[in-house]
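A quick write-up on the structure given underneath.
The values are calculated or read from the model by the stated rules, or taken from the named source; none is laboratory data. Only a predicted model underlies this, so the values are computations on that prediction, with no experimental measurement involved. Note that we place each Cβ from the backbone using ideal geometry, even for glycine, and neighbour counts take in every protein chain shown.
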Amino acid sequence: MSRPRSAHMADLKGKGICYEEDDEPIQLTDQGDSPTIRDYKLSLIGKVLNPKKQSVVKLIQTMPAQWEMQDKITANDLGNGKFLLNFATEEDLQSVLRQGPFHYNFCMFVLVRWEPVVHDEYPWIIPFWVEITGIPLHLWTIGNLKNIGKRLGHIDTVELSAGRMLIDVDTRRPLTFKRKIASPEGDEALCPTKVTPLAVQGERSNVFSRRE
């Protein structure tokens, strides 16, 4: 039995919609290796960490010029403090990534390779070389370095001789680069860490510290 035309028109005007189920998630489909995924394989996605001080529009105008790639990057403002940087070659993309961690207007921002991730807070990871100091020589082991590193984030690489680790830091968590350590005898000491940019590994940077 067909519905009266008046009822159909009421639905079109929104008068017959049941709003109780509006919070039900709309199921999306995954097409696997879709053209969209291939289109963004040479893209970086970024997010500002201090929206009050960082304008996305000004950032995507300023940073390509700072990297001397203003003619090689196209940028899109994605809203909600996020943006997309598109490259023509893998070489150009990697040359920018190697200059991280990144900051604009004296505040850090996240910039990572685009992935098909569905999450309101994505992206949130910043990789750092973290140099460890203050550990007694007889306790200088990979195991102890890892115990310290995992309190800072996810450990990618450990270089024992250099006393440093490549760590993926979660920007959603409160950040501190000073940790207390305790010896097997229970003696405590402060273990400061130093953050090193990925490309300039001899240069020190503390611009990401949110608290001491």
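For the stretch 125-148, the count of residues that are surrounded by fewer than 13 Cβ atoms within 10 Å (Cβ to Cβ), in a loop (DSSP other than H, G, I, E, B) and within 17 Å of the chain's Cα centre (by Cα) is zero. Yes or no: LYS58 more than 12 Å from the chain's Cα centre (by Cα) and either closer than 30 Å to PRO184 by Cα or surrounded by fewer than 13 Cβ atoms within 10 Å (Cβ to Cβ) (or both)? It is true that LYS58 is more than 12 Å from the chain's Cα centre (by Cα) and either closer than 30 Å to PRO184 by Cα or surrounded by fewer than 13 Cβ atoms within 10 Å (Cβ to Cβ) (or both). For ASP92, are the conditions met, namely being outside the structural domain of LEU42 (by TED's automatic domain parsing) and either buried (at least 18 other Cβ atoms within 10 Å of the Cβ) or not basic (Lys, Arg) (or both)? So ASP92 does not fit the description; no.
Please count how many residues of the stretch 49-65 are over 15 Å from MET108 (Cα atoms) and not β-branched (Val, Ile, Thr).
Residues flagged as over 15 Å from MET108 (Cα atoms) and not β-branched (Val, Ile, Thr) within the stretch 49-65 amount to 3.
Looking at the stretch 83-119, which of the residues that are among the hydroxyl-bearing types (Ser, Thr, Tyr) and outside any helix (DSSP H, G or I) is farthest from ASP170 (Cα to Cα)? The residue in question is THR89.
Looking only at the stretch 64-106, how many residues end up being on the phi > 0 side of the Ramachandran plot and charged (D, E, K, R)? Qualifying residue count for the region: 1. Taking interchain pairs and intrachain pairs at least six residues apart, which have beta carbon atoms under 9 angstrom, with the first residue in the stretch 66-83 and more than 17 Å from MET108 (Cβ to Cβ) and the second aromatic (Phe, Trp, Tyr) and surrounded by 12 or more Cβ atoms within 10 Å (Cβ to Cβ)? Hits for this filter: MET69/PHE87; LYS72/PHE87; ILE73/TRP67; ILE73/PHE87; THR74/PHE87; ALA75/PHE83; ASN76/PHE83; ASP77/PHE83.
Residue check: is VAL195 assigned to a strand (DSSP E or B) and modelled with pLDDT of 75 or more? Against the criterion (assigned to a strand (DSSP E or B) and modelled with pLDDT of 75 or more), VAL195 does not qualify. Here LEU152 passes the criteria (1) touching a residue at least 24 places away in the same chain (Cβ under 8 Å); (2) surrounded by 15 or more Cβ atoms within 10 Å (Cβ to Cβ); (3) in a strand (DSSP E or B) except the one numbered (3). Quick check on my filter: what residues within the stretch 56-114 are within 25 Å of ARG38 (Cβ to Cβ) and touching a Pro at 6+ places or on another chain (Cβ under 6 Å)? Residues satisfying the conditions are ILE73, VAL110, VAL112.
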